[in-house]
Amino acid sequence: MNYPLQLSFKIMALASQIYVRDSGGGEICYVKQKMFKLKEAVQVFTDSTRSNELCEIKADKIIDFSATYSFIDTQGKTFGAVRRKGMRSLWKAHYQITQSSDVEFEINEENGWIKVLDGLLGEIPLIGFLSGYFLHPTYVATRSIDGTPVMRVTKVPAFWEGRFKIEKLADIDEREELNLLMGFMMMLLLERRRG
């Protein structure tokens, strides 16, 4: 993949959708959240035509407080998961990317005050609309073994859609890259819903 990757959310869509493009504008994948599900379910396709499904992300619980979201390929095999750390995520977002129940990566929000301000200002008409243009949360994924930063997601200014940029900070293999990308997309879907 050619970094940085660009993620864009359509704000006016009934079901959350994410378009993921590489630095040259080529589509990497398209994500569509299923509506009216008791347990969270997200479909990931190779592009926005939705002709080839890449995988599905499914929650293990109805309530997402400390839920685990498994990445399931088209043959029904789990190849990774992301887990939200409940109490630790109240102040600053904290997630774990797992492989066969072993924690491989930790994702942490860099500045908790951004989340607080965005949540408060988001409730005020007009100002809430503008806050998304000025407040830019940043999330960093680090290796759980040694704390090495490997990827960063940053919100970028946009008025009519949510936009994020993913930067690669260290060498990772294809499996790790796919798990981190799926984890970031699920995390952003959850964090967007919280404000």
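In region 144-162, the residues that are within 22 Å of ILE172 (Cα to Cα) and in a loop (DSSP other than H, G, I, E, B) reach residues that are at pLDDT 85 or above and not hydroxyl-bearing (Ser, Thr, Tyr) with C-beta atoms within less than 8 angstrom, at least six apart or across chains, in these pairs: SER144/GLN96; SER144/VAL103; SER144/GLU104; SER144/PHE105; SER144/GLU106; THR148/ALA170. The numbered conditions (1) modelled with pLDDT under 90; (2) of a type in the set (Phe, Trp, Tyr); (3) under 24 Å from PHE164 (Cα atoms) are all true for PHE36 except (3). Scanning region 163-178 for residues that are modelled with pLDDT of 95 or more and either under 11 Å from the mean Cα position of the chain (by Cα) or assigned to a strand (DSSP E or B) (or both) yields LYS165, ILE166, GLU167, LYS168.
The values are calculated or read from the model by the stated rules, or taken from the named source; none is laboratory data. Just so you know, these numbers come straight off a predicted model, no measurement behind them. Positions of Cβ are generated from backbone atoms using ideal geometry, with glycine treated the same way; all protein chains shown enter the neighbour counts.
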